[in-house]
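Enquirer: The structure's right below; bear with me while I get my questions together.
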Amino acid sequence: MKQGPGTRRIEDNMRSGPLAAHQFLGRDLRSLADIILQDQLVLEPLGLTNADIAQRMAYFSAHAEEGSGPTLVDGKFEVERQEHKGGIPCPFSDNYQSTKSITLVKNMQLGKTVQWSDLNIHLIAEHGFYEGEGAPFRVDPVEYAEVLEIRQLK
Ligand SMILES: [Zn+2]
């Protein structure tokens, strides 16, 4: 995939500089454009869009925010929110500032838990960015679709 100068500058900001501490790219050596493209290629056969994933995550985050402590959602998901002080800027330089709070969701039927920060939802919805392999907040689209039971709306 071709990279415009904008994408390259954003990638440089993620790999070095003040944003590097957040490890958005993990140990991934692929270009930012390729990381984004390849996750889209994974989503396509599943029939899912970035909006499907982001909306489902936002749904659980909203439930987690309402509850105090672990909360049962839809009879099988245990959701919990970890509030963290401070903010984190979107690395795509769009002046979006996110909280650092984290949502944890356990699918009790599968016995699997996934987690994400509020910023992940924005990154997926607005930029189609699930972070690089090995990133602390990488959202693996296939794994998250399974655990959160994200299905194509027919
Ligand atoms: Zn953004």
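The values are calculated or read from the model by the stated rules, or taken from the named source; none is laboratory data. Note that the structure is a prediction, hence the values are computed from the model and not measured. Using ideal geometry, Cβ is built from the backbone for each residue, glycine included, and neighbour counts are taken over all protein chains shown.
Enquirer: Exactly one condition in (1) out of contact with any strand residue (DSSP E or B) (no Cβ under 7 Å at 6 or more places or on another chain); (2) among the basic types (Lys, Arg); (3) at pLDDT below 95 is not met by ARG138; state its number.
Expert: (3)
Enquirer: Next question, about the same structure. Could you check, for segment 96-116, whether at least one of its residues is in contact (Cβ under 8 Å) with a residue 40 or more places away in the chain and within 16 Å of the ligand (Cβ to nearest atom)?
Expert: Of all residues in segment 96-116, those in contact (Cβ under 8 Å) with a residue 40 or more places away in the chain come to 103-105, 107, 116.
From what's left, within 16 Å of the ligand (Cβ to nearest atom): 116.
Looking through segment 96-116, at least one residue is in contact (Cβ under 8 Å) with a residue 40 or more places away in the chain and within 16 Å of the ligand (Cβ to nearest atom).
Enquirer: Select, from LEU46, LEU19, LEU29, the only residue that is closer than 16 Å to LEU123 by Cα and hydrophobic (A, V, I, L, M, F, W, C). Even if it seems obvious, please write down each step before you answer.
Expert: Working: LEU46 fails: closer than 16 Å to LEU123 by Cα; LEU29 fails: closer than 16 Å to LEU123 by Cα.
Step by step, each of LEU46, LEU19, LEU29 is checked, and only LEU19 is closer than 16 Å to LEU123 by Cα and hydrophobic (A, V, I, L, M, F, W, C).
Enquirer: OK, next. Only one of (1) on the phi < 0 side of the Ramachandran plot; (2) surrounded by fewer than 18 Cβ atoms within 10 Å (Cβ to Cβ); (3) touching a residue at least 40 places away in the same chain (Cβ under 8 Å) fails for ASN50. Which number is that?
Expert: So ASN50 meets the others, but not (2).
Enquirer: Do we find that TYR130 is closer than 20 Å to ILE36 by Cα, surrounded by 16 or more Cβ atoms within 10 Å (Cβ to Cβ), more than 14 Å from the ligand (Cβ to nearest atom) and of a type outside the set (S, T, N, Q) in this structure? It would help to see each step written out before you state the result.
Expert: Working: closer than 20 Å to ILE36 by Cα: yes; surrounded by 16 or more Cβ atoms within 10 Å (Cβ to Cβ): yes; more than 14 Å from the ligand (Cβ to nearest atom): no; of a type outside the set (S, T, N, Q): yes.
So TYR130 fails the test.
Enquirer: Related question: Can you pull out every residue in segment 47-68 that is assigned to a loop (DSSP other than H, G, I, E, B) and either among the acidic types (Asp, Glu) or touching a Pro at 6+ places or on another chain (Cβ under 9 Å) (or both)? Give the derivation first.
Expert: As a first pass, look at segment 47-68 and keep what is assigned to a loop (DSSP other than H, G, I, E, B): 47-49, 67-68.
Once the filter is applied, which keeps residues that are assigned to a loop (DSSP other than H, G, I, E, B) and either among the acidic types (Asp, Glu) or touching a Pro at 6+ places or on another chain (Cβ under 9 Å) (or both), segment 47-68 yields only LEU48.
Enquirer: Next question. Can you tell me which condition LEU104 does not meet? The list is (1) assigned to a strand (DSSP E or B); (2) closer than 30 Å to ARG8 by Cβ, and all the others hold.
Expert: Of the numbered conditions (1) assigned to a strand (DSSP E or B); (2) closer than 30 Å to ARG8 by Cβ, the odd one out for LEU104 is (2).
Enquirer: So, in segment 109-127, how many residues would count as being surrounded by 13 or more Cβ atoms within 10 Å (Cβ to Cβ) and either among the basic types (Lys, Arg) or assigned to a loop (DSSP other than H, G, I, E, B) (or both)?
Expert: At the first step, the residues of segment 109-127 found to be surrounded by 13 or more Cβ atoms within 10 Å (Cβ to Cβ) are 112-127.
Now restrict to residues that are either among the basic types (Lys, Arg) or assigned to a loop (DSSP other than H, G, I, E, B) (or both): 112.
Residues that pass the stated criteria total 1.
Enquirer: Given (1) of a type in the set (A, V, I, L, M); (2) within 16 Å of the ligand (Cβ to nearest atom); (3) under 22 Å from PRO18 (Cα atoms), where does ALA125 come up short, assuming only one miss?
Expert: Failing condition for ALA125: (3).
Enquirer: Output the residues belonging to segment 40-65 that are touching a Lys or Arg at 6+ places or on another chain (Cβ under 9 Å) and either more than 22 Å from PRO141 (Cα to Cα) or within 16 Å of the ligand (Cβ to nearest atom) (or both).
Expert: Of everything in segment 40-65, just one residue is touching a Lys or Arg at 6+ places or on another chain (Cβ under 9 Å) and either more than 22 Å from PRO141 (Cα to Cα) or within 16 Å of the ligand (Cβ to nearest atom) (or both), namely GLU65.
Enquirer: Just give me the residues in segment 17-37 being exposed (fewer than 13 other Cβ atoms within 10 Å of the Cβ) and either at pLDDT 90 or above or under 18 Å from the mean Cα position of the chain (by Cα) (or both), in sequence order.
Expert: Step one: of segment 17-37, the residues exposed (fewer than 13 other Cβ atoms within 10 Å of the Cβ) are 17-18, 21, 27, 29.
Those that are exposed (fewer than 13 other Cβ atoms within 10 Å of the Cβ) and either at pLDDT 90 or above or under 18 Å from the mean Cα position of the chain (by Cα) (or both): ALA21, ARG27, LEU29.
Enquirer: Considering only segment 139-148, how many residues are surrounded by fewer than 22 Cβ atoms within 10 Å (Cβ to Cβ) and part of a loop (DSSP other than H, G, I, E, B)?
Expert: 2
Enquirer: Among the residues of segment 69-92, is any within 16 Å of the ligand (Cβ to nearest atom), outside any loop (DSSP other than H, G, I, E, B) and under 18 Å from GLU11 (Cα atoms)?
Expert: Applying the first criterion (within 16 Å of the ligand (Cβ to nearest atom)) to segment 69-92 yields 87-92.
The next check asks that each one be outside any loop (DSSP other than H, G, I, E, B); those that pass are 87-89.
Next, only the ones that are under 18 Å from GLU11 (Cα atoms) stay: 88-89.
Checked segment 69-92: at least one residue is within 16 Å of the ligand (Cβ to nearest atom), outside any loop (DSSP other than H, G, I, E, B) and under 18 Å from GLU11 (Cα atoms).
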